[in-house]
Amino acid sequence: MKIISIDPGYERIGIAIIEKLEREKEVLIYSDCFKTSSKLSLNERFFLIGQEINKVIKEYEAEALAIETLFFTSNKKTVMGVSEARGVIMYQAMLNKIPVFEYTPLQIKIAVTGYGKSDKKQVTDMVTRLIKIEKEIKHDDEYDAIAVGLTHLASHRN
């Protein structure tokens, strides 16, 4: 099974492609932190996000999309933008006829570390132990996307 997993945003989007073969450890095929410029309008940023997600789905032949749900903050503008970006991302999955699975930050932390109040460093440390990574990860967003993918694979073992 090959999945695309997403840590959503509109300025920085964590993207990972993870493959799980029978009786083998999960393998990171691809990861990136896709960035959009704050100089662009939100509509232009959403368009670029949609193009990037579509390209990655097609290039790596993803069979499902796993995405983190929103964690509500006090900044309503940020929440709205991330929510709209999630819509663009899920639209691309449906356009490519792949199912979408959503996971809360709590579900992700429990799946990866076994503890729902884990901090970012604990999640990152466990991600590096749970999956074979053969590249340098430069951004937290990539680790977060990988954690979303690992959560999906743990939830759908059968």
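The values are calculated or read from the model by the stated rules, or taken from the named source; none is laboratory data. The structure displayed is predicted, hence computed values, not measured ones. Note: ideal-geometry Cβ built from the backbone for every residue, glycine included; neighbour counts use all protein chains shown.
Observations, loosely collected:
- Long-range neighbours under 6 Å by Cβ, at least six apart or interchain, first residue under 22 Å from H139 (Cβ atoms) and surrounded by 12 or more Cβ atoms within 10 Å (Cβ to Cβ) within the range 99-123, second among the hydrophobic types (A, V, I, L, M, F, W, C) and modelled with pLDDT under 95: P105/F71; A111/A154
- Scanning the range 53-80 for residues that are under 16 Å from R12 (Cα atoms), surrounded by fewer than 18 Cβ atoms within 10 Å (Cβ to Cβ) and at pLDDT 80 or above returns T69, L70, V79, M80.
- Residue in the range 83-106 that is under 16 Å from D144 (Cβ atoms) and assigned to a loop (DSSP other than H, G, I, E, B) present: yes
- A residue that is in contact with a Phe, Trp or Tyr (Cβ under 6 Å, 6 or more places away or on another chain) and closer than 13 Å to I18 by Cβ cannot be found anywhere in the range 88-107.
- In this structure, V112 does not satisfy being hydrophobic (A, V, I, L, M, F, W, C), under 19 Å from I13 (Cα atoms) and part of a helix (DSSP H, G or I).
- Hey, E52 within 18 Å of I3 (Cβ to Cβ), of a type outside the set (S, T, Y), assigned to a helix (DSSP H, G or I) and in contact (Cβ under 8 Å) with a residue 60 or more places away in the chain or not: no
- Filter pass, K135 being out of contact with any Asp or Glu (no Cβ under 7 Å at 6 or more places or on another chain), under 16 Å from E26 (Cα atoms) and of a type in the set (K, R): yes
- Of everything in the range 84-97 that is surrounded by 18 or more Cβ atoms within 10 Å (Cβ to Cβ) and either among the hydroxyl-bearing types (S, T, Y) or out of contact with any Pro (no Cβ under 7 Å at 6 or more places or on another chain) (or both), the residue that is farthest from M1 (Cα to Cα) is V88.
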